[in-house]
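Enquirer: Have a look at this one.
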Amino acid sequence: MIDLAREIEQKKARRRTRLLSVVVGLWAAGILGRLVQIQAIQHAEHRRQVTGQSRRLVPIPTERGTIFDRNGHILAHSVPSFSVVYRPSPDAPIEAKMAPVLEVAPVLGLGPKSLAQMRRQLEDGGKFVYLRRKVDPETARIVRDMNVRGLRIEDERRRTYPQGPLAAHVLGGVDPDEKGLAGIEFRYNKDLGGREGQRLVLRDARRREYNVEILSAPKPGLDIVLTLDRMIQYFAQRELERAMAEHQAEWGTVIVSAPATGEILAMASAPGYDPNAFAAAEPERRIDRSIRHLFDPGSTFKIVTAAAVLDHGLIAPGETLNCAAEAITVPGRSIRDHKPFGVLAFADVIVHSSNIGTIQAARRLGPDLLYRTIRDFGFGERTGIDLPAEAAGLVRPPDEWSRRSPDALSVGYEISVTAVQLLQAMNIIANRGEKVGLRLLKSVGGRPANPEPDGPDSRVVSPAAAEKLAEILVRAVEEGTGTGARLPGFRVAGKTGTSQLLDSRQGGYTSSRHLAAFVGFVPADRPAISILVVLSEPKNKNVYYGGLVAAPVFREIARNVLRYLGLHPQAGPPPGAITARSVLEARR
Amino acid sequence: MVHKKYSRRQILLAASACLVVMGILTFYLWHLTENIRLGYAVGRDQSAKQRLEKDIQSLKAEREALSSPERIEKIAREKLGLGDMRDDQIVYEDRK
């Protein structure tokens, strides 16, 4: 009986167990089925939904290359910056759309004009509005902390020029998207710009990144090293600005180069601008006068005429010319000297910058030889300097000349040149007849921009003729029109120039507006630097001669640059002067 | 009704199999969570690295601006009262 009862109990238990197993089995099968449905059947749909919410393709901004001077000082650099962007709810009324904008307006300094413009954009259905671009990190942090709906802070980069207006015209400038607009920034935009990358970011519900995958790595822009020297650029720019203020000139330019290598050490134009605010600068200030402005070189051009006659043996430095006449008649007009000279040796003609003597000497050349020499010196074609929009100048061929053209050309009229062309011409004399191309770039992305010149580009003038002319130019500074450029302890070679400017209303040259210039090199025997100074329309106290206006600027720049380069005056210390050496010797 | 009796060995094997499966599942879950935890850590470190790189770039530009010749000359003239050297104030070493 007891066994029967136990058996019945066991049966009941087994039945319950089976029932429970079936229920659990069904429950497990249900879960498994649902799992299969979600993971297998609806996999693609769920994956799309999840990744759509958590996955984001984020561009990796590339870094624009840095521009350095020859000593590794940063001239242009990109730094992190932020932009505040607003994405409104598409269906919200305009007042609701504007509310977040008005909330952050005081922090971002948005004025009524900007707010009105944004309102118009939102009314037109704009889905994306930049509230402010390139804000500093502190402002970005404040806006982020305000946690305003629809507002987002986006990482950006801002181009900065830590040296301010230094070398502004060489560097140029960029737009808000860091695209080069002028200067080196424009010319080498592709190299500097690099290529943007892309990364896949997975975020959780709290927008925390938990997986980042780089899909394509950004290609950073290449760094560029210029031949400019920050200190020399500073000296050039400072002295140019001082002269501009002193003489109330309209514009001016200074270029400093190393003649042997053709490297530009400084290139300054005035009026200038700050590339940090490129868009705000007046267009007139952004013109690079050293490569774009054309002018008649006046007497500085006599170096070309003198080189030609000396090179072809048409005159000797000691040969005399009668410069006693008040003026020399050229077809259609007469050309005068700035003072009467009498009989001058040809060397003195250049030393004292006699127009009458120069024209007499040039007449021995003939038009073809004069034209060929002018072209050999590089006038009428671009120097090929690494800057955009260089002007080629204007040199008409002999078949377009008038009867007075050869005379006018020999003293620097009826020809338009750029400042770089004039400096290149003087460098030919400094290099004793060899032409070495001017260059501004040392390297791009670590690779030399131009191979180091192993030899001169071409010979323009014989070494003997160039040597004779260099000696004449030393005398021009020591006793001629260029005494303002005299530098104690150094032999300076140079030539002054004062040219009348063209008056478009009168249709000819005017005697009331002038361009003052000086171009030279120092030390004359082994030139370390060559400098060109041009100042247009100096007005102060009617002083407009190149020797009075431009030569002193040359002297001050040369003084500072030579000291900076460690080139000491060739003359020894004055007798009795206390020097480190004399003190050491006295102690012994 | 005759019930099959499982031997101890069979029970032990089944228990071991269950333990192994549970162990594998536990390891898999641990691996997943650890992966995500490390993902967060990498994300944080990458953000920190980016921040530091940005700081370095800003500091480099700031250093250049602070050492610009114009600023140094201004300080020398206005704060230190220095001026341009005259030629007679400079004595060059007589190099032999």
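The values are calculated or read from the model by the stated rules, or taken from the named source; none is laboratory data. Quick caveat, the model's predicted, so the values are computed rather than measured. Note that we place each Cβ from the backbone using ideal geometry, even for glycine, and neighbour counts take in every protein chain shown. These accessible areas exclude ligands, DNA and RNA; they are computed on the full protein's heavy atoms, side chains included. Shrake-Rupley method; radii C 1.70, N 1.55, O 1.52, S 1.80 Å.
Enquirer: Would you point out which residue out of B:Leu25, B:Leu38 is more than 10 Å from chain A (Cβ to nearest Cβ) and of a type outside the set (Phe, Trp, Tyr)? Please lay out each step first, then the result.
Expert: On the way: B:Leu38 fails: more than 10 Å from chain A (Cβ to nearest Cβ).
So the residue among B:Leu25, B:Leu38 that is more than 10 Å from chain A (Cβ to nearest Cβ) and of a type outside the set (Phe, Trp, Tyr) is B:Leu25.
Enquirer: What pairs come out if I take residues in segment A:92-107 that are assigned to a helix (DSSP H, G or I) and pair them with residues that are aromatic (Phe, Trp, Tyr) whose C-beta lies under 9 Å away, six or more apart or interchain?
Expert: From segment A:92-107, the pairs are A:Lys97/A:Tyr86; A:Pro100/A:Tyr86; A:Val101/A:Tyr86; A:Val104/A:Tyr86.
Enquirer: To continue, here is another question. Looking only at residues that are more than 14 Å from every other protein chain (Cβ to nearest Cβ) and charged (D, E, K, R) in segment A:179-202, which one is most open to solvent (accessible area, probe 1.4 Å)?
Expert: First, the residues of segment A:179-202 that are more than 14 Å from every other protein chain (Cβ to nearest Cβ): A:179-196, A:198.
Next, from what is left, pick out any that are charged (D, E, K, R): A:179, A:185, A:187, A:190-191, A:195-196.
Numbers: A:Lys179: 116, A:Glu185: 0, A:Arg187: 110, A:Lys190: 185, A:Asp191: 59, A:Arg195: 138, A:Glu196: 114 Å².
In this case the residue turns out to be A:Lys190.
Enquirer: What's the total number of residues in segment A:329-347 that are under 21 Å from A:Ala307 (Cβ atoms) and either in a strand (DSSP E or B) or in contact (Cβ under 8 Å) with a residue 60 or more places away in the chain (or both)?
Expert: 4
Enquirer: Quick one: count up the residues across segment A:361-376 that are modelled with pLDDT under 95 and among the aromatic types (Phe, Trp, Tyr).
Expert: 0
Enquirer: What residue, of A:Arg158, A:Arg133, A:Arg141, is closer than 16 Å to A:Val84 by Cα, assigned to a strand (DSSP E or B) and within 14 Å of chain B (Cβ to nearest Cβ)?
Expert: Working: A:Arg133 fails: within 14 Å of chain B (Cβ to nearest Cβ); A:Arg141 fails: assigned to a strand (DSSP E or B).
Testing whether each residue is closer than 16 Å to A:Val84 by Cα, assigned to a strand (DSSP E or B) and within 14 Å of chain B (Cβ to nearest Cβ) leaves just A:Arg158.
Enquirer: Please determine, by comparing only the residues of segment A:225-276 that are assigned to a strand (DSSP E or B) and among the hydroxyl-bearing types (Ser, Thr, Tyr), which one is surrounded by the most Cβ atoms within 10 Å (Cβ to Cβ). Break it down into steps so the answer makes sense when it comes.
Expert: Pass one, segment A:225-276, residues assigned to a strand (DSSP E or B): A:225-226, A:251-258, A:263-270.
Checking the rest, the ones that are also among the hydroxyl-bearing types (Ser, Thr, Tyr) come to A:253, A:257, A:269.
On the way: A:Thr253: 28, A:Ser257: 30, A:Ser269: 28.
Here the answer is A:Ser257.
Enquirer: Let me ask something else. In segment B:64-95, which residue that is open to solvent by 80 Å² or more (accessible area, probe 1.4 Å) and facing another protein chain (nearest Cβ under 8 Å) is modelled with the highest pLDDT?
Expert: Residues of segment B:64-95 open to solvent by 80 Å² or more (accessible area, probe 1.4 Å): B:66, B:70-72, B:74, B:77-80, B:82, B:84-86, B:88-89, B:95.
Pick out the ones that are also facing another protein chain (nearest Cβ under 8 Å) and you get B:70, B:95.
Details: B:Glu70: 92, B:Arg95: 51.
Out of the qualifying residues, it is B:Glu70.
Enquirer: Residue by residue through segment A:65-114, note down the ones that are more than 11 Å from chain B (Cβ to nearest Cβ) and either within 16 Å of A:Leu192 (Cα to Cα) or of a type in the set (Lys, Arg) (or both). Spell out the reasoning first.
Expert: Within segment A:65-114, the subset more than 11 Å from chain B (Cβ to nearest Cβ) is A:65, A:67, A:70-71, A:83-114.
If the condition is that a residue be more than 11 Å from chain B (Cβ to nearest Cβ) and either within 16 Å of A:Leu192 (Cα to Cα) or of a type in the set (Lys, Arg) (or both), then A:Gly65, A:Ile67, A:Arg70, A:Arg87, A:Lys97, A:Lys113 are the ones that fit.
Enquirer: Same structure, new question: Out of segment A:161-194, which residues are part of a helix (DSSP H, G or I) and over 10 Å from the mean Cα position of the chain (by Cα)?
Expert: First, pick out the residues of segment A:161-194 that are part of a helix (DSSP H, G or I): A:168-171, A:183-187, A:189-193.
Answer for segment A:161-194, where residues must be part of a helix (DSSP H, G or I) and over 10 Å from the mean Cα position of the chain (by Cα): A:Asn189, A:Lys190, A:Asp191, A:Leu192, A:Gly193.
Enquirer: Considering segment A:203-219 alone, what residues qualify as being open to solvent by 60 Å² or more (accessible area, probe 1.4 Å) and more than 12 Å from every other protein chain (Cβ to nearest Cβ)?
Expert: A:Ala205, A:Leu215, A:Ala217, A:Lys219, listed by residue number.
Enquirer: Which numbered condition in (1) in a helix (DSSP H, G or I); (2) of a type outside the set (Phe, Trp, Tyr); (3) away from every other protein chain (no Cβ under 14 Å); (4) under 46 Å from the mean Cα position of the chain (by Cα) is the only one that B:Ala15 fails?
Expert: The number of the failed condition is (4).
Enquirer: Cβ-Cβ under 9 Å, sequence separation 6+ or interchain: first residue in segment A:373-400 and in contact (Cβ under 8 Å) with a residue 24 or more places away in the chain and of a type in the set (Ser, Thr, Tyr), partner open to solvent by 40 Å² or more (accessible area, probe 1.4 Å) and assigned to a loop (DSSP other than H, G, I, E, B). Which pairs?
Expert: What qualifies is A:Thr373/A:His312.
Enquirer: Same structure, new question: Which residue, of A:Leu441, A:Leu387, A:Leu422, is assigned by TED's automatic domain parsing to the domain that holds A:Ser530, surrounded by 23 or more Cβ atoms within 10 Å (Cβ to Cβ) and within 18 Å of the chain's Cα centre (by Cα)? Walk me through how you get there before you give the answer.
Expert: Numbers: A:Leu441 fails: surrounded by 23 or more Cβ atoms within 10 Å (Cβ to Cβ); A:Leu422 fails: within 18 Å of the chain's Cα centre (by Cα).
Going through A:Leu441, A:Leu387, A:Leu422 in turn, the sole match is A:Leu387.
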